[in-house]
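Okay, so here's the structure we're looking at.
The values are calculated or read from the model by the stated rules, or taken from the named source; none is laboratory data. None of these values were measured; they are calculated from a predicted model. Ideal geometry is used to build each Cβ from the backbone, glycine not excepted, and the neighbour counts take in all protein chains shown. With ligands, DNA and RNA removed, areas are computed over all heavy atoms of the protein, side chains included. Shrake-Rupley method; radii C 1.70, N 1.55, O 1.52, S 1.80 Å.
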Amino acid sequence: MLTSKKLEDIKILQGICEKHDQINLKLNWDMLNNRTDSLDDFFHYHENQLVGFLGLYGFGETYELCGMVHPDFRGKSLFPALFEEAILSLKSRPVQKLLLNSPGTSTSGKALLEKMKAVYDFTEFEMKWKKSQLMTTSSDVQLRTASEKDIGTIIDLDEKCFQVVRSDAESYTRRLLEESGEGNMMIDHRNETVGKIRVERTNGQSFIYGFAILPSYQGRGIGRNALSQVVLKESKYTNDIFLDVVANNSHALKLYESSGFQTFYSQDYYRFPL
């Protein structure tokens, strides 16, 4: 578990870097707030000030990596040193894939990743809800809190809808339910479980993750209804509601846009050869 001091240090450094570079960093705060493995985070302090940070985010045998260095301390090989520590820590784990994340508008980040021989893999759009009228047109769609008995269904959904390797989906799902069970919901249609969605509230904002409907039930308005229910509930808590979608997923992108979400930024992912 990261201490409150370290979490605050990361937040301060993130704000400095984002303001200086005019970017949005994706540091997966839902995972940072629920850390259980001390091998996933790497820090460099200068006179009690955090000036370099790198985080690893494991999804089974696939890992994502995102890091940042204070503008005044760049060009001093801090990021390569942190990156080397991270790679060493992965050698003791069963890792098949490592993805490095760079903000879509960060030319320096992309240049660094290309210099590191990382290869572009995909782009993810970050979307924010623009307050609009939403309606749930059917009482046939119900949301309920996920439990251990839903693990098999969740794994099936990740495998079929996101092409996640089954072993990765199983490892991530079990850990997720252990760490933050209440935000994980299943979508039932006429008493049959057909989808899932997860909501994380942090710092006065709501983030929607892992939204999926079984392919055989798509196109019936079930997903739109479920998403509307979630957004309507979260809008009572905040107007800052966010979600991510892979750029080439045109079906999901269309659904989100028609539900009031607008793209405001993008993140590029590069695959690093292990």
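Structure values in brief
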| read-out | value |
| --- | --- |
| Count of the stretch 61-82 residues which are part of a loop (DSSP other than H, G, I, E, B) and either modelled with pLDDT of 95 or more or not small (Gly, Ala, Ser) (or both) | 4 |
| In the stretch 178-197, the residues that are closer than 20 Å to ASN28 by Cβ and surrounded by fewer than 18 Cβ atoms within 10 Å (Cβ to Cβ) | GLU178, GLU179, SER180, GLY181, GLU182 |
| Extreme residue, most open to solvent (accessible area, probe 1.4 Å), among residues of the stretch 239-269 that are among the hydroxyl-bearing types (Ser, Thr, Tyr) and in contact with a Lys or Arg (Cβ under 8 Å, 6 or more places away or on another chain) | SER258 |
| Residues of the stretch 97-115 that turn out to be in contact with a helix residue (DSSP H, G or I) (Cβ under 8 Å, 6 or more places away or on another chain) and either open to solvent by less than 20 Å² (accessible area, probe 1.4 Å) or part of a loop (DSSP other than H, G, I, E, B) (or both), as a count | 5 |
| Of all residues in the stretch 137-155 being outside any helix (DSSP H, G or I) and hydroxyl-bearing (Ser, Thr, Tyr), the one that is modelled with the highest pLDDT | THR145 |
| Single residue of the stretch 1-60 satisfying the filter (charged (D, E, K, R) and touching a Lys or Arg at 6+ places or on another chain (Cβ under 9 Å)) that is farthest from GLU85 (Cα to Cα) | ASP30 |
| Residues satisfying the stated conditions in the stretch 203-222, i.e. outside any strand (DSSP E or B) and either of a type in the set (Phe, Trp, Tyr) or surrounded by 19 or more Cβ atoms within 10 Å (Cβ to Cβ) (or both) | LEU214, TYR217, ILE222 |
| Options TYR265, TYR269; residue that is in a strand (DSSP E or B), closer than 27 Å to VAL95 by Cα and either touching a residue at least 24 places away in the same chain (Cβ under 8 Å) or of a type in the set (Phe, Trp, Tyr) (or both) | TYR269 |
| Breaking point among (1) open to solvent by less than 40 Å² (accessible area, probe 1.4 Å); (2) among the acidic types (Asp, Glu); (3) free of Cβ contacts under 8 Å to residues at least 60 places away in the same chain, for GLU200 | (3) |
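Condition check ((1) within 20 Å of the chain's Cα centre (by Cα); (2) farther than 23 Å from ILE213 by Cβ; (3) open to solvent by less than 60 Å² (accessible area, probe 1.4 Å)) across all residues:
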{"site": "PHE79", "(1), (2), (3)": "no, yes, yes"}
{"site": "VAL95", "(1), (2), (3)": "yes, yes, yes"}
{"site": "GLU124", "(1), (2), (3)": "yes, no, yes"}
{"site": "SER132", "(1), (2), (3)": "no, no, yes"}
{"site": "THR153", "(1), (2), (3)": "no, no, yes"}
{"site": "PHE162", "(1), (2), (3)": "yes, no, no"}
